[in-house]
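My questions will all concern the structure given below.
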Amino acid sequence: MDRESTRAEELDRDGDLPFEPYRVKVVERIHRVPRQQRRRLLAEAEYNVFKIPSSAIYIDLLTDSGTSAMSDRQWAAMMTGDEAYAQSRSWDDFERTIREITGYRHVIPCHQGRAAENLLFGTLLDETHVVPNNIHFDTTRANVEFRGAVALDCVCDEGLDPDLEAPFKGDMSLVKLEQAFEKYGQRIPLVMLTITNNSGGGQPVSLANVRAVREVCLARGVPLYLDCARFAENAWFIKRREDGQRDRSIAEIAREFFGYADGCTMSAKKDALVNIGGFVALNDEKIAECLAARLIIQEGFPTYGGLAGRDLAAVAEGLREVLDEEYLTHRIEQVARLGARLDEHGVPYLRPAGGHAIYLDAKRMLPHIPPNLFPGVSFAAALYLEAGIRACEIGSLMFEHADPDTGETVAPEMELVRLAIPRRVYSHTQLDYVADSCARVRDLGERLQGLEIVWQPMALRHFLCRLAPHGGGELIEP
Ligand code: F0G
């Protein structure tokens, strides 16, 4: 055996082979439209990249949600999906798979994550309540606030320092959680943990932290729910980074953290590798009955919940596939590789690289643009203009909110631009182009202008708001 093959074997044993553990069967042509056209489209979209037609986007890193490439097995499952209104075969597969992975008894299907949040919070929250989370994702925060309740972020301090290299920056601060209980007491009906922590850089939560949060919740008699959209990626990080976890399977690790919680909400559009789907899973029978009753009004009968039978079938297959460690290794190392290329250019991003995305540090790159002129949005607009790449701001436009006590406007700690990587979709060379383009936009420096809001809706303003360059000039000054 020569030295090369020994190394390959060693890599293989560690699940570290750098190759895609799949080959391409279907392709979709993408186009880079000319700069002039991109300039016009950006102005027509009023500098909100959510409004740019996808046909004019070269590389779309707006989200990793619902943008996965499905496998041949998933497509096959779709073709044999059972479309019976009640108790279909596809529902059986969906329910069984989720029960096996999570260990929870009751499964409530719904069309995506926010529907799951709406069902759960609609059942459990009222306007007196306060919900601690490591960091609420935008729709989670909105669904809490829509009930008149307060969404309280309690991530550990390490999670708010973009430059710090630490293994579990998604962990909840136990001090902040205890303080929340001291302050709000009975007003806290449940605690949530978002794994991985999307709004905080796609950073994982450790098993030790889930266990510790569980202890606090038990002592207070309050249930713990996981927002588990990226649970398999979180489990992979635990396997790699947490003491004593290396020899366990992804499924075993996941089963352990699900076991510390009372239930979960999931957007299947992430780690179930599908284009649509979600669920709530939980042990409490009474709550499950309330959710099912609400489900019939809002989404559909409890064995399909707003999804076609074929969608249920694709979710079940995707959930089995995502537990494959070789897939996860390639997936997460592809994101890390993009980070390494950004390092070569000295482009700052939240460290370490997240599981599903890189979060560029717009505050650092554009210190001349204050939070109220949205440096992240400005960077994302310029990235489209310069390179046809679509990314998403995770900063003041998305997360500015009123302080629950004083009512004062609070800007988030970080101004980020998320490059979310769809699963099984883009190649290394395409991501090299992304990194090189980010460096070009960073180099624009003070030529890049901030953006002002021209109009905004009452909630989740980043999706629909209209913007214009500050001072009435161009986004990029000549
Ligand atoms: N929870 C987390 C952690 C999420 O990242 C998302 C969606 C949701 C809940 C809501 O799920 O979209 O299926 O209704 N995140 C997407 C994103 C939209 O781009 O990060 P959904």
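Taking the Cα centre of the chain as origin, work out the dipole magnitude from +1 charges on Lys and Arg Cβ and -1 charges on Asp and Glu Cβ, in debye rounded to 20.
Values: 55 positive and 73 negative charges, 207 e Å.
Using Cβ point charges on Lys, Arg, Asp and Glu, the chain gives about 1000 debye.
Still on this structure: Could you give me the percent of Cα pairs per 10 Å distance bin for the chain, shortest bin first, beginning at zero and ending with the bin that holds the maximum distance?
4, 20, 30, 27, 15, 3, 0
Right, something else. So for the pair Ala142, Arg39, with labels modelled 7 Å out along Cα→Cβ, what separation do we get in nm?
So the label points at Ala142 and Arg39 sit 3.3 nm apart.
Can you work out D for segment 72-321 in µm² s⁻¹ from Stokes-Einstein, where Rh is the Kirkwood radius over C-alpha pairs, the temperature is 20 °C and the viscosity is 1.002 mPa s? List each step's numbers first, then the result.
Values: Rh = 18.1 Å.
Calculated translational D: 118 µm²/s.
For an R0 of 51 angstrom, estimate the FRET efficiency from the Cβ-Cβ distance between Glu182 and His345 and round to the nearest 0.05. Mind showing how you got there, number by number?
Values: r = 46 Å, r/R0 = 0.90.
In this case the efficiency is close to 0.65.
Let me ask you something else. Placing +1 at every Lys and Arg Cβ and -1 at every Asp and Glu Cβ, with all other atoms neutral, what dipole size does segment 72-321 have around its Cα centre, in debye to the nearest 20?
Details: 28 positive and 38 negative charges, 48 e Å.
I would put it at about 220 debye.
Run the helix sum for the chain: -39,500 (n - 2.57) per DSSP H stretch of 4+ residues, divided by residue count, reported at 222 nm to the nearest 500 deg cm²/dmol.
Helix contribution divided over all residues of the chain: -12500 deg cm²/dmol.
Find which of Tyr47, Ile195, Tyr260 sits farthest along the positive direction of the dipole of the chain, computed with +1 on the beta-carbon of Lys and Arg, -1 on that of Asp and Glu, about the Cα centre.
Result: Tyr47.
Of Lys51/Lys270; Lys51/Lys169; Lys176/Lys286; Lys183/Lys269; Lys25/Lys169, which sit over 26 Å apart, Cα to Cα? Walk me through the intermediate numbers first.
Values: Lys51/Lys270 22 Å; Lys51/Lys169 32 Å; Lys176/Lys286 30 Å; Lys183/Lys269 36 Å; Lys25/Lys169 37 Å.
Among Lys51/Lys270; Lys51/Lys169; Lys176/Lys286; Lys183/Lys269; Lys25/Lys169, the Cα-Cα distance tops 26 Å for Lys51/Lys169; Lys176/Lys286; Lys183/Lys269; Lys25/Lys169.
Starting from the coordinates of the alpha-carbon atoms of segment 287-444, obtain the Kirkwood hydrodynamic radius over all distinct pairs and give the value in Å to one decimal. The partial results should precede the final answer.
Values: mean 1/r = 0.0546 Å⁻¹.
Value: 18.3 Å, from the Cα pair sum.
Positive end of the charge dipole of the chain (Lys, Arg +1 and Asp, Glu -1 on Cβ, about the Cα centre): tell me which of Phe399, Ser427, Ala235 has its Cα farthest that way.
Farthest towards the positive end: Ser427.
Packing-wise, with mean Cβ within 10 Å as the measure, how do 337-349, 374-386 rank, highest first?
On the way: 337-349: 17.6, 374-386: 26.6.
In decreasing order of mean packing, 337-349, 374-386 become 374-386, 337-349.
Using packing as a proxy for protection, rank 267-279, 34-46 so that the peptide with the highest average count of other Cβ atoms within 10 Å comes first. Each step should come with its number before you reach the end.
Working: 267-279: 27.2, 34-46: 14.6.
Put in order of decreasing packing, that is 267-279, 34-46.
Mind putting together the pair-distance distribution for segment 72-117? All Cα pairs, 5 Å bins, whole percent per bin, short to long.
Binned Cα distances yield the sequence 5, 18, 20, 28, 22, 7, 0.
Relative contact order (percent) for the chain, with alpha-carbon contacts under 8 angstrom and 6 or more residues of separation?
That works out to 22 percent.
Before anything else, pin down the relative contact order of segment 72-321: Cα pairs under 8 Å, at least 6 apart, normalised by residue count, whole percent. Spell out each step's value before the answer.
Details: 520 pairs, mean separation 79.0, N = 250.
Once divided by the residue count of segment 72-321, the mean separation gives 32 percent.
Can you pull out the chymotrypsin sites (Phe, Trp or Tyr not before Pro) in segment 49-141 that DSSP calls coil and that have at most 16 other Cβ atoms within 10 Å? Spell out each step's value before the answer.
Details: sites: Phe50, Tyr58, Trp75, Tyr85, Trp91, Phe94, Tyr104, Phe121, Phe137; in loops: Tyr58, Tyr85, Tyr104, Phe137.
Passing both the DSSP loop test and the Cβ count: Tyr85.
Let me ask something additional. In nm, what is the difference between 0.36 nm times the number of residues separating Ala402 and Thr123 and their Cα-Cα distance? Don't skip to the answer; put the middle values down first.
Values: separation 279, 0.36 × 279 = 100.44 nm, distance 2.45 nm.
Net length gain for the segment: 98.0 nm.
Report, to one decimal in Å, the Kirkwood hydrodynamic radius for segment 191-342 based on all distinct Cα pairs.
Values: mean 1/r = 0.0604 Å⁻¹.
Kirkwood hydrodynamic radius for segment 191-342: 16.5 Å.
No lab work stands behind these numbers, since they all come straight from the coordinates. Since the model is a prediction, treat every value here as computed from it, not as a measurement. Ideal geometry is used to build each Cβ from the backbone, glycine not excepted, and the neighbour counts take in all protein chains shown.
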